[in-house]
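Student: Sharing a structure below in structure tokens format, with a few things to ask.
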């Protein structure tokens, strides 16, 4: 639903519509792939909205991005090569690049115009130091196309895409949440002992989506985190290796984080399933 009387509304579930006040529209541009808007809001600061759905908010993007990235880094002992599928705001790369063991990050996001919008209008997510880091290699390309033509394998793959929607068969994001795609990742693009982590949207989708990951890999761990600007518990799926106590690895957690800490990590690992 479009902006009306300086309020942005969107449908959360059937029969539930929520909104937030907008002070200013900083960007309203239709790229080759989607409509992108950046709002200035009193509740959440800057907010990125894609095709009428809130994608990221200044006030709590660290909750989302730190929860997506850091648990998987507590499991892998020393990842050097990381693949990010999506992640156009740059904040997932920001978190990955905090780890000195990481030597190479490939980021695949189909929308070059969106990435330029984020660089210009959302530097709070990822500033020049992130985008210019020599370890980061950004490709504005469909990830399917890139993976079909490259044989590079990774220690960690992070899927930071828009939400899958099984109810909409022609949703292109659904391609990344199939048994066939996940099996291809593990057979061709994830090293032995490597890991895959993905955001899956509202936690109510966890049973269905994690079942696909489990069928493809045999081992999955689900965890959730409340994201205020999404007004929902958000679901994450981690796959690739049996979960073991990672408390000894918490010492590797980078400094300067805004949300994740050893206590929150302990909660994630104790309640994942």
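Student: Any residue in the range 106-124 that is more than 20 Å from residue 55 (Cα to Cα) and either touching a residue at least 12 places away in the same chain (Cβ under 8 Å) or buried (at least 16 other Cβ atoms within 10 Å of the Cβ) (or both)?
Tutor: yes
Student: A further question on this structure: Collect the residues in the range 187-205 that are over 19 Å from the mean Cα position of the chain (by Cα) and touching a residue at least 40 places away in the same chain (Cβ under 8 Å), keeping them in residue-number order. Even if it seems obvious, please write down each step before you answer.
Tutor: As a first pass, look at the range 187-205 and keep what is over 19 Å from the mean Cα position of the chain (by Cα): 187-188, 191-193.
Of everything in the range 187-205, those that are over 19 Å from the mean Cα position of the chain (by Cα) and touching a residue at least 40 places away in the same chain (Cβ under 8 Å) turn out to be 188, 191, 193.
Student: Could you count how many residues in the range 177-208 are in contact with a helix residue (DSSP H, G or I) (Cβ under 7 Å, 6 or more places away or on another chain) and part of a helix (DSSP H, G or I)?
Tutor: The qualifying residues number 7.
Student: Right, next: Filter the helices (runs of 4 or more DSSP H) completely within the range 23-122 down to those with at least 2 residues that are out of contact with any strand residue (DSSP E or B) (no Cβ under 7 Å at 6 or more places or on another chain) and under 26 Å from residue 233 (Cα atoms). Step through it out loud before you land on a result.
Tutor: Values: elements: 61-75, 91-96, 112-121.
It comes to 61-75, 91-96.
Student: Separate question: For the range 174-196, which positions are out of contact with any strand residue (DSSP E or B) (no Cβ under 9 Å at 6 or more places or on another chain) and over 16 Å from residue 241 (Cα atoms)?
Tutor: 174, 175, 178, 179, 180, 181, 184, 188
Student: Going through 50, 68, 83 one at a time, which residue ends up being in contact with a helix residue (DSSP H, G or I) (Cβ under 8 Å, 6 or more places away or on another chain), within 26 Å of residue 148 (Cβ to Cβ) and surrounded by fewer than 21 Cβ atoms within 10 Å (Cβ to Cβ)? Let's see the steps before the verdict.
Tutor: Working: 68 fails: surrounded by fewer than 21 Cβ atoms within 10 Å (Cβ to Cβ); 83 fails: surrounded by fewer than 21 Cβ atoms within 10 Å (Cβ to Cβ).
One residue alone meets the criteria, 50.
Student: What residue, among those in the range 241-273 that are part of a loop (DSSP other than H, G, I, E, B) and at pLDDT below 90, is surrounded by the most Cβ atoms within 10 Å (Cβ to Cβ)?
Tutor: My answer is 246.
Student: Moving on to the next point. How many residues does the range 1-32 hold that are at pLDDT 95 or above and surrounded by 16 or more Cβ atoms within 10 Å (Cβ to Cβ)?
Tutor: The number of residues fulfilling the criteria is 4.
Student: Of all residues in the range 71-80, which are out of contact with any helix residue (DSSP H, G or I) (no Cβ under 6 Å at 6 or more places or on another chain) and either surrounded by 21 or more Cβ atoms within 10 Å (Cβ to Cβ) or closer than 30 Å to residue 51 by Cβ (or both)?
Tutor: Scanning the range 71-80 gives 72, 73, 75, 76, 79.
Student: A follow-up question, please. Can you say whether residue 182 is crowded, with 18+ Cβ neighbours inside 10 Å and over 19 Å from residue 215 (Cβ atoms), as far as the supplied structure shows?
Tutor: In short, no.
Student: Suppose we filter the range 209-232 for residues that are within 15 Å of the chain's Cα centre (by Cα), surrounded by 14 or more Cβ atoms within 10 Å (Cβ to Cβ) and assigned to a strand (DSSP E or B); how many remain?
Tutor: 5
The values are calculated or read from the model by the stated rules, or taken from the named source; none is laboratory data. All values reported here derive from a predicted model rather than from experimental measurement. Counting neighbours? That spans all protein chains shown, and the Cβs are built from the backbone with ideal geometry, glycine included.
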